[in-house]
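The numbers here are math on the coordinates, done by the rules we state, and not lab data. In this text the structure is predicted, and so the values were computed from the model without any measurement. All Cβ positions, even for glycine, are placed from backbone atoms using ideal geometry, and neighbour counts span all protein chains on display.
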Amino acid sequence: MKTRCKFVVSEVARIGWQGMKPETAPLQERIKLSAICGGDGNEENQSFSSATPTGTLEIWVSNPAVLGSFLPGCEYYLELTPAAK
């Protein structure tokens, strides 16, 4: 069964890897997302909010092609599909 969720980026922090000198440390970003909450007048967001009233997700990325892609306030759909065993 596949589940579709809708999240909004609540925070993006750009961080160097710990224990390395800042000039040589590869950059990474910590991205925090929160489940969409209704109340903003958006009918779709209200629908998602009634099905999933709360939730958080935190991801760390270091792929240079992805850095800077996630911006606070932007909304994303997340597809959750069971992985094969």
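Annotations
- In order along the stretch 54-61, the Karplus-derived 3J(HN,Hα) couplings, from 6.51 cos²θ - 1.76 cosθ + 1.60 at θ = phi - 60°, round to 7, x, 9, 9, 10, 10, 10, 10 Hz, and Gly and Pro are given as x.
- Nitroxide proxy distance, nm - points 7 Å out along Cα→Cβ at S69 and A83: 1.8
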